[in-house]
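Read the figures in this text as sums done on the coordinates, not as results from a lab. Only a predicted model underlies this, so the values are computations on that prediction, with no experimental measurement involved. Cβ atoms come from the backbone with ideal geometry, glycine included; neighbour counts cover every protein chain shown.
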């Protein structure tokens, strides 16, 4: 077994005997997954991700309004307030007001609920941003960008791959959002304060 650096991360190379390889091949399963992170079942790192059209630059967002939204994000987590085990995703207006928040034990599912509802209702993706109570993964960036969301705020960190995808598709990605501070990863030209 060798661990080899590659342009996409680390690659683990394992050499198996023919007999062991055939045994492994017989145990292989093909499952269709409808939810999750998008990596499960993928054999090659290059197979993840979908091409996303670069987003236009149609808005600026006042970072001072983020504090108001952060104070009210828990309002969209009634189960989370009782259990501490859910994530939230909400649409944030330029005023800092949160509308259309959704809660789920899965951060991806909370975001899917928000994006799905807004898409079904034909809501505009300009003049606002998505705020999530979790970290930001590449899949969350990709889903947001595919809907036309230009700005994604995350309470926790962004993964390296999320930053790369956000850079490529012109999405403004901001992490470690706390009252009075935030880390801007990509495209700061959409932000003011």
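Would it be correct to say that residue 52 is at negative phi and not in a loop (DSSP other than H, G, I, E, B)? So residue 52 does not fit the description; no.
Checked against the criterion of being within 24 Å of residue 187 (Cα to Cα), touching a strand residue (DSSP E or B) at 6+ places or on another chain (Cβ under 9 Å) and surrounded by fewer than 23 Cβ atoms within 10 Å (Cβ to Cβ), the candidates 75, 104, 62 yield just one match: 62. Within region 154-180, the residues that satisfy the criterion of being part of a strand (DSSP E or B) and buried (at least 19 other Cβ atoms within 10 Å of the Cβ) are 154, 158, 172, 173, 174, 175, 177. So for region 181-193 (the condition being more than 21 Å from residue 58 (Cα to Cα), touching a helix residue (DSSP H, G or I) at 6+ places or on another chain (Cβ under 8 Å) and surrounded by fewer than 24 Cβ atoms within 10 Å (Cβ to Cβ)), does at least one residue qualify? Yes, some residue in region 181-193 is more than 21 Å from residue 58 (Cα to Cα), touching a helix residue (DSSP H, G or I) at 6+ places or on another chain (Cβ under 8 Å) and surrounded by fewer than 24 Cβ atoms within 10 Å (Cβ to Cβ).
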